[in-house]
Amino acid sequence: MSPRHSLPPQREPSASMTLLDEVYRRPLDPGYREAARRRQATGAPAPVGRGVSLLLAALLGLAVTAAAVDLRRPEPGAVQARTLLEEEIAAQQARAAQARSTIRTTTAQLERLHAAALADEDPALLARLRQDQARSGVVPVTGPGVRIVLTDAADVSDPSNRVQDVDLRVVVNALWAGGAEAVAVNGARLTSLTAIRSAGSAVLVDLQPLTSPYTVEAVGDPDALSVALAGASAGQHLTTLRSTYGIGVQVSVGDNLSLPGTGQVTLRYASDPDTTEPLEESEP
């Protein structure tokens, strides 16, 4: 017997397609078909249609949405407390603004009385006092100088594209090193007690939040200040801000800049601790 005769009998190629042919020709199960035929013969009502199902789903969705909105709605007591707190904050801010206005007016009156008293008794002392007040930032100053405007980049999704506190410090330090007599940032006069810091994405100058654009004005010799800004450190920093991070940098010269004063300041000083009392001996 040859090897070919020992092989099992061959099937027809279409034998494996019987199930697919059955599904294709009769997609509905015979049992379902028979049930539909009996229902049609007896006049029984048809099952719920797709439209009714969609309507029920929509109603259920509306009910769930209404419940979620009702849960997120704040309680009347919380709304009333929030309203009272907002009113209290607004009242305190108005009171603080009124107090600052009163302080400025009173300080100006004291300055006039002080100047009138010293004008006759000691003119040299009055001149020195005015010079010291201008340097300390107490009184307003007017004169030529430079103005630098730093603006956030168009795309601020990256924090590096925003003007940061270090950028303002680099500019301000360069101006002081260049001989600036007075410096202000967005109208806030800088003194020896002023700090430029950041809190999150906000820049704080003397604890006051500022926003872009940041305008730095300095009164002094415009040529010397311009040279200081173009120096190695500050100039390279401004160039990097413009070319790398897309931050706007504008430098201009002003013939008559006006910088406000801070008013009367509180002097702080250090003193030696009291060493008259004997120190207590401690056990080893």
Being at pLDDT below 80, over 60 Å from the mean Cα position of the chain (by Cα) and open to solvent by 60 Å² or more (accessible area, probe 1.4 Å) narrows V48, V23 down to just V23
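Residues to consider are G220, G179; find the one that is open to solvent by 30 Å² or more (accessible area, probe 1.4 Å) and either small (G, A, S) or touching a His at 6+ places or on another chain (Cβ under 7 Å) (or both).
Values: G220 fails: open to solvent by 30 Å² or more (accessible area, probe 1.4 Å).
After ruling out the rest, the residue left standing is G179.
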Practice problem: Return yes or no: is V172 closer than 18 Å to H237 by Cβ, open to solvent by less than 50 Å² (accessible area, probe 1.4 Å) and among the hydrophobic types (A, V, I, L, M, F, W, C)? | Solution: yes
Across (1) under 17 Å from P260 (Cβ atoms); (2) surrounded by 12 or more Cβ atoms within 10 Å (Cβ to Cβ), A97 clears everything bar (2)
All conditions in (1) out of contact with any Ser or Thr (no Cβ under 7 Å at 6 or more places or on another chain); (2) surrounded by 14 or more Cβ atoms within 10 Å (Cβ to Cβ) are true of L207 except (2)
- Does A57 meet the test of being modelled with pLDDT of 70 or more and either out of contact with any helix residue (DSSP H, G or I) (no Cβ under 6 Å at 6 or more places or on another chain) or at positive phi (or both)? yes
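Quick one: in region 206-236, which of the residues that are assigned to a loop (DSSP other than H, G, I, E, B) and free of Cβ contacts under 8 Å to residues at least 40 places away in the same chain is farthest from P260 (Cα to Cα)?
Within region 206-236, the match that is farthest from P260 (Cα to Cα) is A230.
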Among residues of region 124-169 being within 16 Å of L225 (Cα to Cα) and of a type in the set (D, E, K, R), the residue surrounded by the most Cβ atoms within 10 Å (Cβ to Cβ) is R147
Check your understanding: Taking the condition at pLDDT 90 or above and of a type in the set (D, E), does E281 pass?
Key -> no
Pairs returned, first residue in region 118-132 that is closer than 19 Å to T142 by Cα, second residue that is of a type outside the set (G, A, S), beta-carbon separation under 9 angstrom, 6 or more apart or interchain, are L126/H114; L126/L118; L129/H114; L129/L118; R130/V139; D132/V138
Quiz item: Does R169 satisfy the condition of being of a type in the set (K, R) and under 27 Å from Q93 (Cβ atoms)?
Solution: no
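The values are calculated or read from the model by the stated rules, or taken from the named source; none is laboratory data. Keep in mind the model is a prediction, meaning the values are calculated, not measured. Quick reminder, even Gly has a Cβ in these numbers, built from the backbone with ideal geometry, and neighbours come from all protein chains shown. Protein only, heavy atoms only, side chains kept; ligands, DNA and RNA dropped before computing areas. Shrake-Rupley method; radii C 1.70, N 1.55, O 1.52, S 1.80 Å.
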